[in-house]
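Contents: one structure, followed by commentary.
The numbers here are math on the coordinates, done by the rules we state, and not lab data. Please read all numbers here as calculations on a predicted model, not as lab measurements. Reconstructed Cβ throughout: ideal geometry from the backbone, glycine too, with neighbour counts over all protein chains shown.
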Amino acid sequence: MSHHSSPRPLRSRAGSALHGRIRVPGDKSVSHRSLMFGALALGRTTVTGLLEGEDVLNTAGAMRAAGARIEKTADGTWLIDGVGLGNLMEPDHVIDFGNAGTGVRLTMGIFGTHPIAATFVGDASLSRRPMGRVLDPLRLMGTQVVARVGDRLPLSIRGAEVPLPITYRVPMPSAQVKSAVLLAGLNTPGETTVIEPIATRDHTEKMMAGFGADISVTIDDAGARIIRLKGQPDLKAQAIDVPGDPSSAAFPIVAALITPGSDITVENVLLNEHRTGLITTLIEMGGDITIENERMAGGERVGDIRVVYSKLKGVAVPASRAPSMIDEYPVLAIAAAFAEGDTYMPGLDELRVKESDRLAAVARGLEVNGIPCREGETELTVTGGANRKGGGTVATHLDHRIAMSFLVLGMASDTAVTVDDGAVIATSFPTFTSLFTGLGADISELEDVGA
Ligand code: S3P
């Protein structure tokens, strides 16, 4: 499968200082899960603030293929008429998840314990990513899998007729793996237990409880989270208001920190403690970031984030912080390019298996823009300084966060930065260019990268 839109090179050059108040689109993790839980619940779930990016729309397509009715009203509210746990229909077509790792992995968990067969495909990026990390525990629960060697897409599954509850220790810090097992546990009789040695984002646990499942979390002596789920609950439809995505807010936050004279506020951002590692790190680097109007909404902490241009200094980011900022390393590397001294980022194993090999993609992107860095097997060091060159063309490898990060670099570098494909940004942040242009950035489309 190829990406549906053709590559669209974009170029970003230093414009004016960034000013204004903006809202970024809804959180991607919560948006996927809203559609999934809505499909599994009985009754009508309503969702406002849903991220209408390609990844999430692909999940909507998958849930429709399994029988849920999903539509958007004229005022922008999404309505999901769920089929009820255990009642999923067998899709009558191949399910194309495009670029969406979260979408396909969590859906495999849901379908894996329903007695239905399904075939999943994705774009070139998704077809390179490992699916065994989700399929292995599902096989233990009784899911049958037909996949090529190495468990990559395209692949087919037949869900278990009589699913078995398991106790599963997640071998890598991955909310997707944890979530796939828990979602599979929903339609499994008995108790499914997931042991998570290193905490990752907990939206699945919180939303399961919110939809009425009996789920508990305890911490053992070694600090691991023990998550116990009682299978076959009655899930009840909910009203969900999705807060802004901190992983999208990361781009204007870093852009304002490095663009002289900037002062912006990103309103209504999700501040779940498993998602705020970047903010902690940027404050340690000397970033002038304040959280205003902090409040609780739908069981999550949200707030407005005010960011003022700052002189940054390099830091060593603790490896233990990686799960709470796993999607933010590419844009942290851009902030690091403007910081005095070295920024050291260890514990980045998981970056190798994201939408691209993000460790390599970031290092190559920095290099073509004349920014010194050292790429280790699982770590990255960026040497910052006052003179930021730019002028390079960055290969994005179908990775939205690589594209957005290097466009942010161009906003403050000495010469413009080009990314070979900005079309992929639509997967998670379709309003990226218009929001940034409104703040004062200068982003333009190119006919081709040679232009
Ligand atoms: C996500 C979990 C993370 C993250 C992804 C969204 C989720 O992946 O990178 O963008 O919604 O559960 P891993 O859990 O595989 O690290």
Legend entry - Backbone HN-Hα couplings from phi across the stretch 101-116 [Karplus 6.51/-1.76/1.60, Hz, Gly and Pro as x]: x, 4, x, 6, 5, 6, 5, 4, x, 5, 5, x, 10, 10, x, 9
Inset, instruction - Give me the percent of DSSP beta bridges within the chain that run antiparallel, rounded to the nearest 5. - result: 75
Legend entry - Helix 175-186 vs. the chain, principal-axis angle (Cα, 0 to 90°, nearest 10): 20
Inset, instruction - Let me know the charge dipole size of the stretch 306-451 about its Cα centre in debye, to the nearest 20, where only the beta-carbon of Lys, Arg (+1) and Asp, Glu (-1) is charged. - result: 580
Legend entry - Using alpha-carbon coordinates, inclination of helix 246-258 to the longest axis of the chain, degrees: 10
Inset, instruction - Would you work out which of Q238, M207, I70 lies farthest towards the positive end of the dipole of the stretch 28-241? Charges go on Cβ: Lys and Arg +1, Asp and Glu -1. - result: M207
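Report for the stretch 28-241 the percent antiparallel among DSSP-assigned beta bridges with both residues inside it, nearest 5.
75
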Legend entry - the chain: mean projected area of Cα convex hull, nm²: 19.5
Legend entry - R301 long-range amide H proximity, modeled H, under 5 Å: L271, N272
Legend entry - Lys/Arg +1, Asp/Glu -1 at C-beta; the chain dipole; positive extreme among I226, N268, S179: I226
Legend entry - Angle between the chain longest axis and helix 54-65 axis [Cα atoms, degrees, rounded to 10]: 10
Legend entry - Per-residue [θ]222 nm for the chain (sum of -39500 (n - 2.57) over DSSP H runs n ≥ 4, rounded to 500): -8500 deg cm²/dmol
Inset, instruction - May I ask for the equivalent-ellipsoid semi-axes of the stretch 28-241, computed as the square root of five times each C-alpha gyration tensor eigenvalue and listed largest first in whole Å? - result: 23, 21, 17
Legend entry - For the stretch 37-97 and the stretch 229-250, distance of Cα centres in Å: 13
Legend entry - Rounded to whole Hz, the Karplus (6.51, -1.76, 1.60) HN-Hα couplings of the stretch 372-385, x for glycine and proline: x, 8, 10, 9, x, 4, 10, 8, 9, 10, 10, 9, x, x
Legend entry - Dipole in debye (nearest 20) - the chain, about Cα centre, beta carbon charges: Lys, Arg +1; Asp, Glu -1: 380
